[in-house]
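Participant: Please read through the structure below; I'll follow up with questions.
The values are calculated or read from the model by the stated rules, or taken from the named source; none is laboratory data. None of these values were measured; they are calculated from a predicted model. A quick note on method: Cβ atoms are made from the backbone with ideal geometry, for glycine too, and the neighbour counts reach across all protein chains shown.
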Amino acid sequence: MDNLLEKVIVSTEIGNPAGSGLLLPEQANTFIDYMWDATVLGSQVRSIRMRSTEMEIDKVGVGQRLLRGAVEAVDTGENQGVFFSKISLTTKKLRLDWELSAETLEDNLEGDALEDHIARLMATQAGNDLEDLAINGDTTSADPLLKVFNGWRQYALNGGTLNSWANNHSTEGGAHVVDHGGNPLNRAAANKALKAMPRRYMQRRNQLKFFTGSNLIQDYLYDLVSDHYSPTYADASRPVRTEGPAGFSISSMFGVPLQEVPLFNETLAGDYTNATGQHGELWLTFPQNLLWGIKREIKVVREYSAKKDTLEYTMFCRVGTQVENTDAFVVVKNIKVGS
């Protein structure tokens, strides 16, 4: 990454053709790795490095029960079809701008290292913003970033995945949504989520994961160590981790890991009767069910503006999200954030 940033800073003649700002494949992969490392979910979800702005991903589905009794020398006529579908992963173009004045470069304590330092900060911020968009993207939002495309939450709640089951195009429904009625994050919320997950996916229980925001995690940990919390409860009998970096996982809820995701929205209004305060959500799904695509052609351009006496930087990338199977997704809503 040091070599990549150095090339971005020293000259606009990076990549090929010279002066275009287009990173070479190896440089782009390094830059993507750096942005992913700055996120909580980048290393867990299914990240796809795309050669085009849009791609279709094939899915194969089968019924719950295919075996039938066999009759000697008789065709029972009960052929069970294998269903094929496609989901579309489309990227949108995003831009990150920053600039440094000549005075800043001349007078700062870091000297020539300042450009490199700022470039690293911008790459980290780009990763954080991309994760925010991937989670909370909503085309109806007034936020200039979040309105670019729908993120995983919108796909989960509203579906919208294009299917072609048996050549019959339709729109896949959303996730299984469970109402927690304004209660805090607790064992009951996890219990509801696990019971709402269709049983065919529970056969892969060891691959499932819970995801929720930092404040709900804190409320949950607080209850685990409260005096009124009985030590007979299974959750209270194991160590409680209260330290660690953002995005840590506590051991489990009913054997399923619980992942902290700081960029989850925890300012949602409740939609139950007499709802007050702020709310968050608990997700239950397979991490690989969340698709995060990025086009490998990334531009980083450095330009001197004579009229302003500044160095201007612009990064372009194309990113998109999708949920492979919303049926394997449970959202527990209306989980109240403690005051």
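Participant: In segment 109-122, is there at least one residue being surrounded by 13 or more Cβ atoms within 10 Å (Cβ to Cβ) and at pLDDT 75 or above?
Facilitator: Yes - at least one qualifying residue is present in segment 109-122.
Participant: Can you name the residue in segment 161-178 that is exposed (fewer than 15 other Cβ atoms within 10 Å of the Cβ) and either modelled with pLDDT of 95 or more or assigned to a loop (DSSP other than H, G, I, E, B) (or both) and is also nearest to the chain's Cα centre (by Cα) among such residues?
Facilitator: Looking at the filtered set, the residue picked out is GLY173.
Participant: When you check LYS333 against the structure, is it in a strand (DSSP E or B) and on the phi < 0 side of the Ramachandran plot, yes or no?
Facilitator: Yes; evaluated as a whole, the condition is true for this residue.
Participant: Let me ask another. For residues in segment 183-233 being crowded, with 19+ Cβ neighbours inside 10 Å and of a type in the set (Ser, Thr, Tyr), which is modelled with the highest pLDDT?
Facilitator: So the residue we want is THR212.
Participant: Shifting gears a bit: Which residue out of GLN64, GLN44 is at pLDDT below 75 and either assigned to a loop (DSSP other than H, G, I, E, B) or under 30 Å from PRO257 (Cβ atoms) (or both)?
Facilitator: GLN64
Participant: Sticking with this one: In segment 272-309, how many are more than 24 Å from the chain's Cα centre (by Cα) and assigned to a loop (DSSP other than H, G, I, E, B)?
Facilitator: 10
Participant: Let me ask something additional. Listed residues ARG302, ARG296; which is over 24 Å from ALA175 (Cβ atoms), in contact with a Ser or Thr (Cβ under 9 Å, 6 or more places away or on another chain) and modelled with pLDDT under 95?
Facilitator: Answer to the selection: ARG302.
Participant: Hey, any hits in segment 68-90 for a residue that's modelled with pLDDT of 85 or more, surrounded by 14 or more Cβ atoms within 10 Å (Cβ to Cβ) and part of a loop (DSSP other than H, G, I, E, B)?
Facilitator: Checked segment 68-90: no residue is modelled with pLDDT of 85 or more, surrounded by 14 or more Cβ atoms within 10 Å (Cβ to Cβ) and part of a loop (DSSP other than H, G, I, E, B).
Participant: Name the pairs: first residue in segment 257-285 and under 22 Å from ASP327 (Cβ atoms), second residue surrounded by 15 or more Cβ atoms within 10 Å (Cβ to Cβ) and among the basic types (Lys, Arg), Cβ to Cβ under 7 Å, at least 6 apart or on different chains?
Facilitator: The qualifying pairs are PRO257/LYS209; GLN259/LYS209; GLU281/LYS333.
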